[in-house]
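Q: I have a structure here, written as C-alpha cells, and I will follow up with some questions on it.
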Ligand SMILES: Cc1cc2nc3c(=O)[nH]c(=O)nc-3n(C[C@H](O)[C@H](O)[C@H](O)COP(=O)(O)OP(=O)(O)OC[C@H]3O[C@@H](n4cnc5c(N)ncnc54)[C@H](O)[C@@H]3O)c2cc1C
C-alpha cells in the first residue's frame, strides 16, 4: 500500500520463482536495497503451471552445487517464512532400458559421487519396490537419488517472496517495466507503467519475456518459448504420497505423485515452438490449448511403463509455454552489452529445481560484480552476435529440447543451423574428408576420415569410430608436420596510446615487452581466480593483437573492455571474422616453411614466443611462434580472404614432408600429453594459477600492479587446499571423458576436469584437482596411491 518506489539500488524484473529467489537472496544475504516489479501477480508467468520436480544431477560440478543448494534451502523455507511450500524429499528414480543408458547412468553416478551427491544404483527389482506401479520388463537397471524431491511451484515462490519481504525487499505487483535508461553504457534507471525508478542495477528475471526486456536495453537474451505438456490423472490405487519422482529418459517421460494420482510429461523429439511472432497481450495465469495428437507419442510410452494409465481418468492435459535455450543450459550473469544489467532466465523446464541456487548465485554476482564460482556453462557471455538471429536460435533450441532426455554422448554435436560461419578452407577440408563440428557458429574440422570412408561420428561410450583416424593425425603432428585450420580463434586488437598501461593492469603476466614479443597470460579476478587464458602479441608501442579460444569471444572481450581503467585511451576491436589462422605444427614445420618463404625461420632469427610479418605465396602473413600441441611450429594469422592460397602453398610444398590435415580431436590428444591447460576445464574462475601449476606466468617479481595481484600474492605462498595433477591409467580399455572420481588411498579427493587418450604415450590421460581441506603439497600428492572411479 506504500507509495511506488522512485529509487532503489537494485531492481529485479519479474515475479516468477527466479525473480523471487534472487530478491530473497539479495535482501537476506546482502542486505541490498531491492525492489521487485511484476507485471501481473507473482507466479502468473510460467511458474504457476510447472510440474514441480526437483532433480539435482547435472554434468557440471557448479550446476550440481546450485541444485543441491536449492534442496537445502527448500528444506528449511517453510519453517523460516511460515508459508507452506509443498516441498518433500521423496527421492528421484532414473531408469535405464538399454546397456548404453546403463553406462550413462553409471557414469552419472560417478559424477554424482565426485560432486558429493548421493546416487545409488539399483536392480530392476529394487526399483520396482520403490515404484510398484511400473512395469520393469525392459529395465537394465535404475538409479536412485534419495535427496531429490518435488515442490508446489506457486507455494514455494510465494514463500520466497515472503522471505524477501521479511528481509526488507519491496515487491510491487501489476506494474510493467516499459523502458530501461542507460548513461555511459551503464544502467541508470527504469520506466514503468507506474512511473520512473532511478537505480544502479537491474536483474532481468522476466522468464520467457526476458528477450523482450533485454531488448529494452539492447541486450540479447537468446530464448525460444516451447509448448510443454503434462497430464494429470485421477487418483490411482497404489500411488503413495511419498512416491519418488520418476524419469524414464529412454521413453522420454517423467512422472510425479499428485494428490494420489500421477503427473506425466516428457520431451518429444518434434517440439512445437510458441509465440514466434511475439507474445499475446496480458498472458498472465494463461495456458495453451491441450494438444492430444502431439502428446500421443509420449502417452504411448507412458502406457508401457505404467499400465494402470490405461484405465485411469485424466483430469487435464496441461499445455504451458516455457523458455528454452540453444544449448539447454540456463542464462546467468552480467550482460556483455550493458554494465550492471544482469540476467537470470531460460530455465529449460528446471527452473523450480534451479531457483534456490540460481537466485543465490545471481545475487552474489550482482552485488560483487564477479561470478562467485565457475559458471561458464550458464554464463550469458557464452553467446555471441550469432544469437541475435531469432530463426537460428529457434532451430537450435528446438533441437536442444528434443535432446533433453536423449543420451548425452561424449563429443556429441548439434546439427541444426549449420554451416553458419566457415573459413575459406571449408570446401578444401570437406574434399579432404573432414568431419566437422560447430562452435559458436563456426564449422571446424574435428577429424579427417581415411579416403573411402564416411566422415561421420558414430557415438559411443567406448572407443569411437574415429579413434584410429585421430591417431594418424596425432602422429603426423608429433613425427612430421600437420596443418590445422584454427580460423575460428577469437581475435582482438587493442589500440591506443595507453594500450600497454591498460593491458598491464588486466594481464597477470608481463605484457610490457617490446613489439615482436608474444606473451601467454591469465587474466585474474579480484579473488585471484582465472577469468581468461590467452596469448598477447605486441604489434607496436600502441597496439596489441590478442588471440583466445573460439567459444570465449564475448566473454574475453567483455572482461577486457570492462577492466580497462577509466581515463585510459585504449580500445578493443573484435576482428575474429576478418582474420584467418592456420597452425603448422611438427618437427618438420621449419623445413617446410623455408621452402615456401624467403624469411629466416632459424631459431636465432625467430625464437619461441616471438612474432614476425613474413611472406608466403606472395602474401604478408603474421607468424606467431607458439604451440598448443607441444611441437615446433607457427600459427599463421592473415586476412581471412587469403588463407585459402596460403593453405594451398603449404599443402603442396608439404607433400614432400608428409604433411597431413589435422583437426580438433587430435589437438585435444596432443595438448593432454603436453599438459596445456584449457580454460573452462582445468582452469576456471574458481582456480588460481598457483593451484593449476601456472604460477610461473604471474608477474609477482615485477612491481607492476595488476588485477588480482593481492590475492595472487597470498596464493603464491599457500597454504593450498588443492593442486592440479596429471593421471595416466594402466588399463588401456578404459575410456576417460572427464568427471571421473579421483580416489587417494581409497578416499574421494576430487574429479577429473578432462580426460582422453594420448596416442604417443599410448595411455589414457586425465587432469584433475586433488583436494584436501587440511592442505595439499607436492609431497602429499606424491605420497598417495591413486585410483579413478570410471562408471
Ligand atoms: C508444463 C511445464 C512443466 C514444468 N515442470 C517443471 C518441473 O517439474 N520442475 C522444474 O524445475 N521446472 C519445471 N518447469 C519450468 C519452470 O516452470 C520454469 O523454469 C520457471 O517457472 C521459470 O521461472 P521464471 O521466474 O524464470 O519465469 P516466470 O515464472 O515466467 O516469471 C517471469 C515473470 O516476469 C514477468 N514479466 C515479464 N515481463 C515483465 C515486465 N516487462 N515487467 C514486469 N514483469 C514482467 C512475468 O509476468 C512473469 O511473472 C515447467 C515448465 C512448464 C511450462
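The values are calculated or read from the model by the stated rules, or taken from the named source; none is laboratory data. What you see is a predicted model; the values in this text were computed from it and never measured. Here the Cβ positions follow ideal geometry from the backbone for every residue, glycine too, while neighbour counts run over all protein chains shown.
Q: Go through (1) over 35 Å from the mean Cα position of the chain (by Cα); (2) crowded, with 19+ Cβ neighbours inside 10 Å and name the single condition residue 602 misses.
A: Against the list (1) over 35 Å from the mean Cα position of the chain (by Cα); (2) crowded, with 19+ Cβ neighbours inside 10 Å, residue 602 comes up short only on (2).
Q: Determine, yes or no, whether residue 163 is farther than 17 Å from residue 39 by Cα, away from the ligand (no atom under 12 Å from the Cβ) and part of a helix (DSSP H, G or I).
A: It is true that residue 163 is farther than 17 Å from residue 39 by Cα, away from the ligand (no atom under 12 Å from the Cβ) and part of a helix (DSSP H, G or I).
Q: Within region 491-503, can you find the residues that are within 11 Å of residue 544 (Cβ to Cβ) and in a loop (DSSP other than H, G, I, E, B)?
A: Matches in region 491-503: 496 only.
Q: What are the residues in region 339-360 that are more than 30 Å from residue 229 (Cβ to Cβ) and either touching a helix residue (DSSP H, G or I) at 6+ places or on another chain (Cβ under 6 Å) or within 16 Å of the ligand (Cβ to nearest atom) (or both), if any?
A: Once the filter is applied, which keeps residues that are more than 30 Å from residue 229 (Cβ to Cβ) and either touching a helix residue (DSSP H, G or I) at 6+ places or on another chain (Cβ under 6 Å) or within 16 Å of the ligand (Cβ to nearest atom) (or both), region 339-360 yields 341, 342, 360.
Q: Of everything in region 497-543, what is surrounded by fewer than 18 Cβ atoms within 10 Å (Cβ to Cβ) and on the phi > 0 side of the Ramachandran plot? Give them in sequence order.
A: Matches in region 497-543: 516 only.
Q: Pick out the one residue from 112, 127, 142 that is more than 16 Å from the ligand (Cβ to nearest atom), within 25 Å of the chain's Cα centre (by Cα) and surrounded by 21 or more Cβ atoms within 10 Å (Cβ to Cβ).
A: The match here is 112.
Q: For residues in region 654-670 being in a helix (DSSP H, G or I) and more than 21 Å from the chain's Cα centre (by Cα), which is surrounded by the most Cβ atoms within 10 Å (Cβ to Cβ)? Let's see the steps before the verdict.
A: Initial filter on region 654-670 (in a helix (DSSP H, G or I)): 654-657, 664-670.
Then drop every residue that is not more than 21 Å from the chain's Cα centre (by Cα), which leaves 654-657, 666, 669-670.
Values: 654: 25, 655: 9, 656: 11, 657: 18, 666: 31, 669: 22, 670: 27.
So, considering only residues that are in a helix (DSSP H, G or I) and more than 21 Å from the chain's Cα centre (by Cα), the one surrounded by the most Cβ atoms within 10 Å (Cβ to Cβ) is 666.
Q: Looking only at residues in region 214-230 that are surrounded by fewer than 21 Cβ atoms within 10 Å (Cβ to Cβ) and part of a helix (DSSP H, G or I), which one is farthest from the ligand (Cβ to nearest atom)?
A: 215
Q: While we're on this one: For residue 684, which of the numbered conditions (1) in contact with a helix residue (DSSP H, G or I) (Cβ under 8 Å, 6 or more places away or on another chain); (2) modelled with pLDDT of 95 or more; (3) closer than 30 Å to residue 469 by Cβ fails to hold?
A: Exception for residue 684: condition (3).
Q: Just a yes or no: is a residue in region 257-273 surrounded by fewer than 16 Cβ atoms within 10 Å (Cβ to Cβ), in contact with a helix residue (DSSP H, G or I) (Cβ under 6 Å, 6 or more places away or on another chain) and closer than 25 Å to residue 396 by Cβ?
A: yes
Q: So which of 15, 19 is assigned to a loop (DSSP other than H, G, I, E, B), surrounded by 23 or more Cβ atoms within 10 Å (Cβ to Cβ), under 28 Å from the mean Cα position of the chain (by Cα) and near the ligand (Cβ under 7 Å from one of its atoms)?
A: None of the others qualify; the one that does is 15.
Q: Take residue 290 and decide whether it is surrounded by fewer than 22 Cβ atoms within 10 Å (Cβ to Cβ), within 12 Å of the ligand (Cβ to nearest atom) and either within 21 Å of residue 223 (Cα to Cα) or more than 31 Å from the chain's Cα centre (by Cα) (or both).
A: Yes.
Q: Within region 145-155, restricting attention to residues that are part of a loop (DSSP other than H, G, I, E, B) and over 26 Å from the mean Cα position of the chain (by Cα), which residue is farthest from the ligand (Cβ to nearest atom)? Can you show your working first?
A: Let us first name the residues in region 145-155 that are part of a loop (DSSP other than H, G, I, E, B), namely 146-148, 151-152.
Within this subset, residues satisfying the condition of being over 26 Å from the mean Cα position of the chain (by Cα) are 146, 151-152.
Values: 146: 18, 151: 8, 152: 11 Å.
For region 145-155, the residue satisfying everything is 146.
Q: So residue 296 fits all but one of (1) more than 12 Å from the ligand (Cβ to nearest atom); (2) under 29 Å from residue 417 (Cα atoms); (3) surrounded by 16 or more Cβ atoms within 10 Å (Cβ to Cβ); what number is the exception?
A: (3)
Q: Could you go through region 702-710 and let me know if any residue there is more than 23 Å from residue 369 (Cα to Cα), assigned to a loop (DSSP other than H, G, I, E, B) and modelled with pLDDT under 95.
A: no
Q: How many of the residues in region 332-349 are in a loop (DSSP other than H, G, I, E, B) and touching a residue at least 60 places away in the same chain (Cβ under 8 Å)?
A: 8
Q: Out of all the residues in region 655-666, which are over 12 Å from residue 477 (Cα atoms) and out of contact with any strand residue (DSSP E or B) (no Cβ under 6 Å at 6 or more places or on another chain)?
A: Within region 655-666, 655, 656 meet the criteria.
Q: Still on this structure, please answer the following. Picking from 36, 57, 42, which residue would you name as being more than 6 Å from the ligand (Cβ to nearest atom), outside any helix (DSSP H, G or I), in contact with a helix residue (DSSP H, G or I) (Cβ under 7 Å, 6 or more places away or on another chain) and modelled with pLDDT under 95? Reasoning before the result, please.
A: On the way: 36 fails: modelled with pLDDT under 95; 42 fails: modelled with pLDDT under 95.
Every option except 57 fails the conditions.
Q: Let me ask something else. With free of Cβ contacts under 8 Å to residues at least 12 places away in the same chain and either touching a strand residue (DSSP E or B) at 6+ places or on another chain (Cβ under 6 Å) or not in a helix (DSSP H, G or I) (or both) as the only criterion, which of 673, 604 stands out?
A: Result of the check over 673, 604: 604.
Q: Suppose we filter region 166-187 for residues that are within 11 Å of the ligand (Cβ to nearest atom) and not in a loop (DSSP other than H, G, I, E, B); how many remain?
A: Of the residues in that region, 5 qualify.
Q: Of 158, 117, which residue is surrounded by 20 or more Cβ atoms within 10 Å (Cβ to Cβ) and part of a helix (DSSP H, G or I)?
A: 158
Q: Confirm whether residue 715 is in contact with a helix residue (DSSP H, G or I) (Cβ under 9 Å, 6 or more places away or on another chain) and at pLDDT below 95.
A: When the stated conditions are applied, residue 715 does not pass them.
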